[in-house]
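The values are calculated or read from the model by the stated rules, or taken from the named source; none is laboratory data. Note that this is a predicted model, so its numbers are computed, not measured. Ideal geometry is used to build each Cβ from the backbone, glycine not excepted, and the neighbour counts take in all protein chains shown. All accessible areas refer to the heavy atoms of the entire protein, side chains included, with ligands and DNA or RNA removed. Shrake-Rupley method; radii C 1.70, N 1.55, O 1.52, S 1.80 Å.
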Amino acid sequence: MKLILATHNSGKLQEFERILAPKGITVQALGAKSVAPQENGDSLDANSLIKANAAYAEYRCAALADDSGLFVDALGGLPGIHSARYAGVGSSDEQNRAKLLREMANLGSHQRDAEFRCVICLVAPELFAVPQYYLGIVKGRIATAPKGNAGFGYDSLFVPDESDGITFAEMSEDEKNAISHRARAIEAMVVAIDSRLRS
Ligand code: ITT
């Protein structure tokens with residue numbers, strides 16, 4: 001089975017490919033000429049639907065999109081749906097991480113709880129009459145300084161509760177994929193597709 005993956009984020013693409021390939025699902029990323037739609041929804045669900053719908057309209061092939069973000073308790077859920085542009089439109093991962101560390105500079109070790117959330121929206125009319133949503137969450141804490149070089153985005157600042165105190169960026173791809181928000185949302189999607197194909 002082939003799905004269009006509506007993303008321009010190469011880190012996400014790599015994770016989808018690695019998790020889905022053993023399950024017999026290949027993902028085709030958007031072409032360089034695909035224009036990213038404006039993500040002006042007010043939730044992960046809304047923004048994932050905007051991206052999946054745009055990809056389906058362009059390719060006329062089953063499409064999925066991931067909208068994800070880092071939700072920090074002490075910041076009232078920020079950066080949340082604004083994670084990709086926390087330090088301003090067009091900001092780099094490094095600028096976003098630096099802003100997060102600044103905002104949390106005065107917070108003690110008991111105030112650093114956070115979670116990554118990922119919503120995948122699947123638009124596949126031949127399988128499901130309406131768009132489907134799959135949620136994955138991983139809980140953890142925000143480190144006081146970046147650690148590790150793997151991954152992307154906020155990985156070097158996020159210490160999952162299920163790790164031995166290391167950040168996502170200090171893990172191998174398979175270690176991150178065993179517990180990540182994205183892997184959990186993907187797993188839920190795969191279960192739903194399997195069960196639909198069997199019914
Ligand atoms: P697309 O919309 O093209 O998919 P994007 O990077 O703009 O790419 P989002 O709007 O979903 O994607 O923003 C998600 C941001 O949240 C992403 O840019 C990272 O900063 C952060 N993020 C999400 N998942 C992450 C992960 O697994 N590790 C580190 N940071 C992550």
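Structural remarks
- Here is the figure for the stretch 105-163: residues that are β-branched (Val, Ile, Thr) and either in a loop (DSSP other than H, G, I, E, B) or more than 15 Å from the chain's Cα centre (by Cα) (or both) total 5.
Residues are listed down the side, and each one gets a yes or a no for (1) of a type in the set (D, E, K, R); (2) in contact (Cβ under 8 Å) with a residue 24 or more places away in the chain; (3) surrounded by 15 or more Cβ atoms within 10 Å (Cβ to Cβ):
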site: VAL119; (1), (2), (3): no, yes, yes
site: ALA129; (1), (2), (3): no, no, no
site: ILE142; (1), (2), (3): no, yes, yes
site: GLU173; (1), (2), (3): yes, yes, no
site: ALA183; (1), (2), (3): no, yes, yes
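- Against the numbered list (1) charged (D, E, K, R); (2) outside any helix (DSSP H, G or I); (3) within 10 Å of the ligand (Cβ to nearest atom), LYS12 comes up short only at (2).
- On inspection, ILE166 qualifies as over 19 Å from ASP67 (Cα atoms), free of Cβ contacts under 8 Å to residues at least 40 places away in the same chain and more than 19 Å from the chain's Cα centre (by Cα).
- Hits in the stretch 52-93 - residues which are over 30 Å from GLN111 (Cα atoms) and either of a type in the set (A, V, I, L, M) or assigned to a loop (DSSP other than H, G, I, E, B) (or both): ALA52, ALA54, ALA55, ALA57, ARG60, CYS61, ALA62, ALA63, LEU64, ALA65
- Tabulated pairs, the stretch 15-34, first more than 9 Å from LEU5 (Cα to Cα), second open to solvent by 70 Å² or more (accessible area, probe 1.4 Å) and away from the ligand (no atom under 14 Å from the Cβ), C-beta under 6 angstrom, 6+ apart or interchain: ILE25/MET1; THR26/LYS2
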